[in-house]
Amino acid sequence: FDIKDAIEQSMKIVATQFEKSGVSLHLFADNIETINYKNEFQQVILNILNNANDAAILMKKKNNDFKPEVNISIKKSEKNIAKIELSNNCGNVSPEVMNRMFEPYFTTKFENQGTGIGLYMAKTIIEKNMNGTINVSNIKDGISFIISLPI
């Protein structure tokens, strides 16, 4: 499947939600194909985008003038690896949360809003099913997920 096309389809699913929350969503992408599981990949992308939207809503509650942004880039690295970066400006994550983010049932949301299973499943899908890696780090004013997949 074409990674850019798969991400664009996921973006369409969250478009109305992002518009309602005032989140700008940008895609900077090369067309890169991988032989892998498209539906599972799209589920991972949706989970990360939904989490970014939740973070944007929280930031807007603290600061009405806040302009949330999510940027997605897809690049081919020199080692036949596709690098997909999903970054946002919706605040940094504490080291405690960062260390536990991919654990099952770990959530920072209220009990009625999250199960803590989404990022655990994302990691399982990318690393066990798709032979890739997924990492997260703090960047200026936000966080960045980097997914690496074989192509």
Take the conditions open to solvent by 20 Å² or more (accessible area, probe 1.4 Å) and assigned to a strand (DSSP E or B) and apply them to residue 60. Does it pass? no
Which numbered condition trips up residue 28, out of (1) assigned to a helix (DSSP H, G or I); (2) open to solvent by 60 Å² or more (accessible area, probe 1.4 Å)? (1)
Residue count for the stretch 107-138, restricted to those that are open to solvent by less than 40 Å² (accessible area, probe 1.4 Å) and modelled with pLDDT under 90: 3
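Conditions tested, residue by residue: (1) over 22 Å from residue 129 (Cα atoms); (2) of a type outside the set (A, V, I, L, M, F, W, C); (3) in contact (Cβ under 8 Å) with a residue 12 or more places away in the chain.
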residue	(1), (2), (3)
7	no, no, yes
13	yes, no, yes
37	no, yes, yes
41	no, no, yes
44	no, no, yes
65	yes, yes, no
76	no, yes, yes
81	no, no, yes
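The values are calculated or read from the model by the stated rules, or taken from the named source; none is laboratory data. Computed from a predicted model, the values in this text were never measured in an experiment. No Cβ is skipped: glycine too gets one built from the backbone with ideal geometry, and neighbour counts run over all protein chains shown. Ligands, DNA and RNA are excluded from the accessible area calculation, which covers all protein heavy atoms including side chains. Shrake-Rupley method; radii C 1.70, N 1.55, O 1.52, S 1.80 Å.
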